[in-house]
């Protein structure tokens, strides 16, 4: 009985989220609080509302220059590790990413500053060696911990580029954190059961197809409208794009597509 009650409660929560986006409710403001960010919870409407056009409020780095935290000398160890990484070889072969493309993303030079389209980027180019493991089945030692949040892991190039985004945000006065990174297959199954499939109006990818399962996506805490605006403007410089409509917190590493 308690299990049925729990499922009913989850369904009611999803229905409540979806109901907020009817035409008569979309313009209502939702109070911003200090609770831990839940990208599938009450902050959903607040985050989506923050995607509306607004006057520029961010301090941008000069086009074509790297953030101070990432001078060329600080990237030498990354260049060496990337050059000897079999994962990078696969990226170059199947994902269209050269070593220079990866390093440009880490340096904030993947593309010019400015918002990009939301979604429509197509299938994720997956490195061959990661594809061999399978979505959501990548071993821990094939992923890299994030510098500011070591409990989260991504593929090495994505981790280095996200670390660069975090440092650039900090330089502009923002604390950029994430709530989710690599998502195993069992975690994807659990999420789909609790939140429903995106294709059916829910908030989860079909298990085995999530780009979180390749270690190439993050869910960011974008409750602060100014931070979301900053990320939309500057994320693409580091190869990160807002890849899913209805999910302004979901960002993917696609440096060849920015």
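Things to note:
- Filter pass, residue 213 being over 11 Å from the mean Cα position of the chain (by Cα) and more than 26 Å from residue 131 (Cβ to Cβ): no
Yes/no per residue for (1) at pLDDT below 95; (2) over 22 Å from residue 175 (Cβ atoms); (3) surrounded by fewer than 21 Cβ atoms within 10 Å (Cβ to Cβ):
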residue: 89; (1), (2), (3): yes, yes, yes
residue: 113; (1), (2), (3): no, no, yes
residue: 132; (1), (2), (3): yes, yes, yes
residue: 136; (1), (2), (3): no, yes, no
residue: 148; (1), (2), (3): no, no, yes
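- In the condition set (1) touching a strand residue (DSSP E or B) at 6+ places or on another chain (Cβ under 7 Å); (2) under 18 Å from residue 220 (Cβ atoms); (3) part of a helix (DSSP H, G or I), residue 170 is compliant with all but (1).
- Qualifying residue in the stretch 184-202 (condition: in contact with a helix residue (DSSP H, G or I) (Cβ under 9 Å, 6 or more places away or on another chain), under 28 Å from residue 104 (Cβ atoms) and outside any loop (DSSP other than H, G, I, E, B)): no
- Any hit, the stretch 178-191, residues being at pLDDT below 95, over 23 Å from residue 245 (Cα atoms) and buried (at least 16 other Cβ atoms within 10 Å of the Cβ): no
- Matching residues in the stretch 115-130 - criterion: being buried (at least 20 other Cβ atoms within 10 Å of the Cβ) and not in a loop (DSSP other than H, G, I, E, B): 130
The values are calculated or read from the model by the stated rules, or taken from the named source; none is laboratory data. In this text, all values refer to a predicted model and were calculated from it rather than measured experimentally. Using ideal geometry, Cβ is built from the backbone for each residue, glycine included, and neighbour counts are taken over all protein chains shown.
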